[in-house]
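Asker: Handing you a structure now.
The values are calculated or read from the model by the stated rules, or taken from the named source; none is laboratory data. Just so it is clear, the model here is predicted, and its values are computed rather than measured. When we count neighbours, we look across all protein chains shown, and the Cβ atoms used for this are built from the backbone with ideal geometry, even at glycine. Ligands, DNA and RNA are excluded from the accessible area calculation, which covers all protein heavy atoms including side chains. Shrake-Rupley method; radii C 1.70, N 1.55, O 1.52, S 1.80 Å.
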There are 2 protein chains.
Amino acid sequence: MSKVLVLGHKNPDTDSICSAISYAYLKNEMGMVAEPIRLGEVNNETLFALDTFKFDQPRLVTQVAKEATQVILVDHNERQQSADDIEEVQVIEVVDHHRIANFETTDPLYFRAEPVGCTTTILLKLFKENGVEVPSNIAGLMLSAIISDSLLFKSPTCTQQDIDAAAELAKIANVDADSYGLDLLKAGADLSNKTLVDLISLDAKEFEAGDHRFEVAQVNAIDVEEVMARQKELEVLMANAISTKGLGLFMFVVTDILNNNSVAIVLGEKASIVEAAFNSSVLDNRVLLPGVVSRKKQIVPVITEALS
Amino acid sequence: MSKVLVLGHKNPDTDSICSAISYAYLKNEMGMVAEPIRLGEVNNETLFALDTFKFDQPRLVTQVAKEATQVILVDHNERQQSADDIEEVQVIEVVDHHRIANFETTDPLYFRAEPVGCTTTILLKLFKENGVEVPSNIAGLMLSAIISDSLLFKSPTCTQQDIDAAAELAKIANVDADSYGLDLLKAGADLSNKTLVDLISLDAKEFEAGDHRFEVAQVNAIDVEEVMARQKELEVLMANAISTKGLGLFMFVVTDILNNNSVAIVLGEKASIVEAAFNSSVLDNRVLLPGVVSRKKQIVPVITEALS
């Protein structure tokens with residue numbers, strides 16, 4: 001049997017990395033030869049989780065077709081968020097918690113998407129459905145992903161299922177979810193060693209709506225103004241991305257993880273839609289987004305609707 | 001809570017109708033107000049199943065947006081196979097066993113597709129996962145769908161999971177799967193009262209591949225030559241559909257359910273691809289397809305590949 005690669009999205013976040021490792025573990029236990037890989041650099045938050053639970057980073061693979069004919073996608077399904085050569089391999093499974101778009105197969109496959117806050121909440125079900133025990137260190141990674149995606153259970157994307165799964169995983173991993181979770185988020189919000197390029201590419205995702213492409217980059221911060229002090233320099237990079245990628249809108253979102261608000265820099269010929277879409281004024285390319293912390297639930301659907 | 005409509009594909013087959021009824025039952029048990037509907041006429045095979053297990057036909061609804069804001073799709077996901085106004089409602093769930101294509105949402109949803117032979121095989125899992133017992137008459141419908149989609153377990157789409165689910169459902173429904181199954185298939189293969197229009201529209205599905213649209217209609221028969229005797233008349237209707245719908249290829253497949261072979265009539269400017277795709281000569285617009293019984297597994301991927 002040839003090896004199946006298990007991969008999360010580009011600009012991997014903690015869920016993408018931890019889901020790839022955890023699901024590859026499950027598939028191996030079920031008799032498949034599966035290897036988790038990553039499409040890009042691992043962020044500080046994820047590194048903290050990997051260090052805590054004693055995992056190495058998955059191997060960086062950018063051309064999947066060179067290594068495998070079959071892949072499993074976790075934590076994403078849209079092709080522009082996946083490996084650049086994803087069209088050249090067969091996607092045999094998807095486990096995800098995002099909207100479905102730009103995804104097409106010629107054959108039936110296993111596709112499991114659920115409207116929960118984190119991919120590993122679904123993975124915990126798959127461990128149970130297949131009668132495989134979650135090892136303690138894998139449970140730690142899966143818990144980390146839930147804490148990360150739910151901003152320690154405070155994001156509107158967080159469901160009761162995520163809370164229950166986290167409680168179960170914390171017990172298996174033998175950690176206190178709240179204190180470990182705050183340390184994890186703080187590790188991710190430490191932007192002191194980040195370059196400007198890091199900031200806008202760390203957790204950036206591209207989307208399509210109507211005839212438009214847009215990108216939403218998000219960073220978590222303790223001190224939002226520290227990031228916003230670099231606004232003018234960030235705008236140069238954003239304008240560059242807009243022209244290179246042909247984007248109608250680039251939104252750079254800085255989320256205050258302690259107070260659960262965001263502020264965004266918006267650029268692009270479609271930037272004007274942001275005012276009406278969020279009912280908030282854009283001043284100096286900057287818009288306040290009170291109570292907004294979730295790109296998936298509070299930003300992408302709003303922009304998609306406005307652009308369609 | 002407003003009512004959620006549960007619907008299978010256009011030109012509904014036994015799986016589409018029985019899955020809609022069965023899943024609506026499950027969702028109602030779980031506290032949702034759900035109603036199964038159908039997008040078209042019920043075929044003879046499905047009628048036999050409904051009669052046997054004492055169900056009325058679901059209500060015919062062709063404009064779903066007039067009645068609901070949210071729908072659940074079973075046994076399909078491609079928008080051209082769904083209600084004409086599907087874009088006007090929110091798809092909150094999909095349970096399916098086909099390839100994924102032409103499907104897009106703005107929000108996360110519950111999407112459960114598995115590469116098994118029948119939707120109700122997945123539904124049986126969902127009953128169990130949600131701790132709801134399958135009533136005897138619902139089990140009969142779910143069994144009927146598996147028998148129909150798997151041609152009594154002989155189609156290459158049939159998996160061990162389908163066989164196991166059918167055995168479990170037959171026990172709950174208290175019927176012998178093999179003898180009931182043969183009666184069910186025979187009821188469906190009775191084409192004696194079918195008009196020409198019935199024949200080419202009974203179980204017809206449209207697909208897209210590359211820049212082309214193609215349609216594959218399939219009928220099950222005991223006496224294949226009885227159907228093929230009407231080839232010239234069928235070709236007139238097929239040519240009409242090709243020009244009306246802008247199809248590159250129309251394939252009308254007659255499947256011999258006793259011997260598990262098919263013969264097809266092929267028309268359209270792309271009809272020539274069929275020879276190479278199936279490694280079989282087209283004579284008088286007719287091609288023999290030995291061992292081919294599954295549109296999903298043995299026809300659509302082959303045509304899609306050839307047209308892409």
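Asker: Residues in the range A:118-133: is at least one of a type outside the set (Ser, Thr, Tyr), open to solvent by 10 Å² or more (accessible area, probe 1.4 Å), at the interface with chain B (Cβ under 8 Å from one of its Cβ atoms) and more than 19 Å from A:Met30 (Cβ to Cβ)?
Answerer: no
Asker: Filter the range B:258-280 down to residues that are hydroxyl-bearing (Ser, Thr, Tyr) and in contact with a strand residue (DSSP E or B) (Cβ under 7 Å, 6 or more places away or on another chain), then give me how many there are. Spell out the reasoning first.
Answerer: From the range B:258-280, those hydroxyl-bearing (Ser, Thr, Tyr) are B:262, B:272, B:280; that's our starting set.
Keeping just the survivors that are in contact with a strand residue (DSSP E or B) (Cβ under 7 Å, 6 or more places away or on another chain) gives B:262, B:280.
Within the range B:258-280, residues that are hydroxyl-bearing (Ser, Thr, Tyr) and in contact with a strand residue (DSSP E or B) (Cβ under 7 Å, 6 or more places away or on another chain) number 2.
Asker: Taking B:Ala167 as the residue in question, decide whether it is open to solvent by 60 Å² or more (accessible area, probe 1.4 Å), assigned to a helix (DSSP H, G or I) and in the same structural domain as B:His98 (by the TED database).
Answerer: yes
Asker: Continuing with the same structure: Where residues in the range B:260-300 are among the hydrophobic types (A, V, I, L, M, F, W, C) and in a loop (DSSP other than H, G, I, E, B), which of them is farthest from the chain's Cα centre (by Cα)?
Answerer: The selected residue is B:Ala271.
Asker: Run A:Asn44 past the list (1) away from every other protein chain (no Cβ under 14 Å); (2) modelled with pLDDT of 95 or more; (3) open to solvent by 30 Å² or more (accessible area, probe 1.4 Å) and report the number of the one that doesn't hold.
Answerer: Single failed check for A:Asn44: (2).
Asker: Now for a different question. Within the bounds of the range B:178-199, is there any residue that is within 24 Å of B:Pro301 (Cα to Cα) and under 18 Å from the mean Cα position of the chain (by Cα)?
Answerer: yes
Asker: Select from the range B:1-33 the residues that are open to solvent by 10 Å² or more (accessible area, probe 1.4 Å) and more than 24 Å from B:Gln80 (Cβ to Cβ) and list them in ascending order.
Answerer: B:Met1, B:Ser2, B:Lys3, B:Tyr25, B:Lys27, B:Asn28, B:Glu29, B:Met30, B:Gly31, B:Met32, B:Val33
Asker: Given B:Glu215, B:Glu269, which one is at negative phi, in contact (Cβ under 8 Å) with a residue 12 or more places away in the chain and loosely packed, with under 15 Cβ neighbours inside 10 Å?
Answerer: Going through B:Glu215, B:Glu269 in turn, the sole match is B:Glu269.
Asker: Could you count how many residues in the range A:272-308 are within 14 Å of chain B (Cβ to nearest Cβ) and open to solvent by 70 Å² or more (accessible area, probe 1.4 Å)?
Answerer: Going through the range A:272-308 one residue at a time, the tally reaches 3.
Asker: Quick one: count up the residues across the range A:94-117 that are farther than 17 Å from A:Val300 by Cα and either in the same structural domain as A:Pro301 (by the TED database) or open to solvent by 20 Å² or more (accessible area, probe 1.4 Å) (or both).
Answerer: Looking only at that region, the number is 5.
Asker: With the condition kept exactly as written, say whether any residue in the range A:250-265 is free of Cβ contacts under 8 Å to residues at least 24 places away in the same chain and either of a type in the set (Gly, Ala, Ser) or surrounded by fewer than 22 Cβ atoms within 10 Å (Cβ to Cβ) (or both). Step through it out loud before you land on a result.
Answerer: Going residue by residue through the range A:250-265, those that are free of Cβ contacts under 8 Å to residues at least 24 places away in the same chain are A:259.
In the following step, the residues that additionally are either of a type in the set (Gly, Ala, Ser) or surrounded by fewer than 22 Cβ atoms within 10 Å (Cβ to Cβ) (or both) were identified as A:259.
Checked against the condition, which is being free of Cβ contacts under 8 Å to residues at least 24 places away in the same chain and either of a type in the set (Gly, Ala, Ser) or surrounded by fewer than 22 Cβ atoms within 10 Å (Cβ to Cβ) (or both), the range A:250-265 yields at least one hit.
Asker: For the range A:238-246, indicate whether the set of residues that are modelled with pLDDT of 95 or more and in contact with a helix residue (DSSP H, G or I) (Cβ under 9 Å, 6 or more places away or on another chain) is non-empty.
Answerer: yes
Asker: Scan (1) open to solvent by 20 Å² or more (accessible area, probe 1.4 Å); (2) modelled with pLDDT of 90 or more for the single condition A:Ala204 breaks and write down its number.
Answerer: Only one criterion is unmet by A:Ala204, namely (1).
Asker: Scan the range A:52-85 residue by residue and report those that are in a strand (DSSP E or B), more than 17 Å from A:Met142 (Cα to Cα) and among the β-branched types (Val, Ile, Thr).
Answerer: Of all residues in the range A:52-85, those in a strand (DSSP E or B) come to A:59-60, A:70-74.
Next cut, more than 17 Å from A:Met142 (Cα to Cα) only: A:59-60, A:70-72.
Listed by number, the residues that qualify are A:Val71, A:Ile72.
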